[in-house]
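**Student:** Have a look at the structure that comes next, please.
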């Protein structure tokens, strides 16, 4: 009598049972009730039944489109171009472990809730191409882990909060194509990891802060279509990583200090100052090209 095959069958049966139990445990694992309630509130207040990819509230939150759960906590909501409509609820702050919030290219309206600044683990906030209005929260600097803040093409008003300078991990700051006014805060010069600063097409005025010359990691600086004036700071000569500089359609008195830039590294330089010449090597300068604003989502579902 051959006992080998029965033994193998028993082993396979036990393995199958264990795998089934593990799967049931994974699916049945519950996120905290306050997080689930916050997700349901988000769904109800932002037109969830009309989303391109909706949620079935009768099923586990683990199955909901764009929601990522790690260790029984919601860490990501990615509903890029999903017909999300409405005002972000204050209860978003209950998602305390959220690291990524991507609602770009939707119909998000109203003012950013102040409770949003309580998401201390947030790394990426992408709300571009919506209809947000009102001012940026003054305490936005509480988001100390933020690496990307992208809000271009909204209707945000008021000034850029001085507390923005406390976001020391920030690599990308794009506030282009809004209705921001007032000066560029000098505190932005403290963001030594900043690689991309986009402030194109606002109503920002005053002189460019000399502190921006401290941004040694800065690769793209887009300031076109504002009301900035005075001289370009001599400290711009310290921007050794700069590849893209767009400053056209402002009120600068002089661009002479740009001669201190390492122009061999520039890939794009746009201005509208008549009679101004800068030795750009093989680079073709353009006096009229529209400043770059990225309209695609390159988050790769992070």
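**Student:** Which residue is modelled with the highest pLDDT, if the candidates are limited to segment 19-31 and must be assigned to a helix (DSSP H, G or I) and surrounded by 10 or more Cβ atoms within 10 Å (Cβ to Cβ)?
**Tutor:** 19
**Student:** Give 281, 275 a once-over and let me know the one that is assigned to a loop (DSSP other than H, G, I, E, B), more than 29 Å from residue 157 (Cβ to Cβ), in contact with a helix residue (DSSP H, G or I) (Cβ under 8 Å, 6 or more places away or on another chain) and modelled with pLDDT under 85.
**Tutor:** 281
**Student:** Exactly one condition in (1) surrounded by 22 or more Cβ atoms within 10 Å (Cβ to Cβ); (2) touching a strand residue (DSSP E or B) at 6+ places or on another chain (Cβ under 8 Å) is false for residue 157; which is it?
**Tutor:** Unmet for residue 157, out of (1) surrounded by 22 or more Cβ atoms within 10 Å (Cβ to Cβ); (2) touching a strand residue (DSSP E or B) at 6+ places or on another chain (Cβ under 8 Å): (1).
**Student:** Another one. Could you grab me the full set of residues in segment 108-138 that are in contact (Cβ under 8 Å) with a residue 40 or more places away in the chain and over 19 Å from residue 173 (Cα atoms)?
**Tutor:** Of everything in segment 108-138, just one residue is in contact (Cβ under 8 Å) with a residue 40 or more places away in the chain and over 19 Å from residue 173 (Cα atoms), namely 108.
**Student:** Let me ask something else. Against the conditions (1) closer than 21 Å to residue 261 by Cβ; (2) modelled with pLDDT of 95 or more, where does residue 190 fall short? Just the number, please.
**Tutor:** (1)
**Student:** Take segment 93-127 and flag every residue that is farther than 16 Å from residue 148 by Cβ, buried (at least 22 other Cβ atoms within 10 Å of the Cβ) and touching a helix residue (DSSP H, G or I) at 6+ places or on another chain (Cβ under 8 Å).
**Tutor:** 94, 95 - these are the residues of segment 93-127 that are farther than 16 Å from residue 148 by Cβ, buried (at least 22 other Cβ atoms within 10 Å of the Cβ) and touching a helix residue (DSSP H, G or I) at 6+ places or on another chain (Cβ under 8 Å).
**Student:** Within the bounds of segment 77-89, is there any residue that is farther than 23 Å from residue 160 by Cβ, in contact (Cβ under 8 Å) with a residue 60 or more places away in the chain, under 18 Å from the mean Cα position of the chain (by Cα) and not in a loop (DSSP other than H, G, I, E, B)?
**Tutor:** Taking every residue of segment 77-89 in turn, at least one turns out to be farther than 23 Å from residue 160 by Cβ, in contact (Cβ under 8 Å) with a residue 60 or more places away in the chain, under 18 Å from the mean Cα position of the chain (by Cα) and not in a loop (DSSP other than H, G, I, E, B).
**Student:** Scan segment 36-56 and report the pairs whose first residue is on the phi > 0 side of the Ramachandran plot and whose second residue is surrounded by 15 or more Cβ atoms within 10 Å (Cβ to Cβ) and not in a loop (DSSP other than H, G, I, E, B), with Cβ atoms within less than 6 Å and a gap of 6+ or a chain change.
**Tutor:** Close Cβ pairs satisfying both conditions: 47/85; 47/86.
**Student:** For segment 156-261, which fully contained strands (runs of 3 or more DSSP E) count at least 3 residues that are closer than 23 Å to residue 135 by Cβ, in contact (Cβ under 8 Å) with a residue 24 or more places away in the chain and more than 20 Å from the chain's Cα centre (by Cα)?
**Tutor:** By residue number, 203-207.
**Student:** Tally up the residues in segment 32-74 that are in contact with a strand residue (DSSP E or B) (Cβ under 8 Å, 6 or more places away or on another chain), over 30 Å from residue 131 (Cβ atoms) and outside any helix (DSSP H, G or I), please.
**Tutor:** The number of residues fulfilling the criteria is 1.
**Student:** Among residues belonging to segment 57-74 that are surrounded by 14 or more Cβ atoms within 10 Å (Cβ to Cβ) and in contact (Cβ under 8 Å) with a residue 40 or more places away in the chain, point out the one that is farthest from residue 107 (Cα to Cα).
**Tutor:** Checked segment 57-74; the qualifying residue farthest from residue 107 (Cα to Cα) is 73.
The values are calculated or read from the model by the stated rules, or taken from the named source; none is laboratory data. On a predicted model such as this, the values are computed, not experimentally measured, just so you know. A quick note on method: Cβ atoms are made from the backbone with ideal geometry, for glycine too, and the neighbour counts reach across all protein chains shown.
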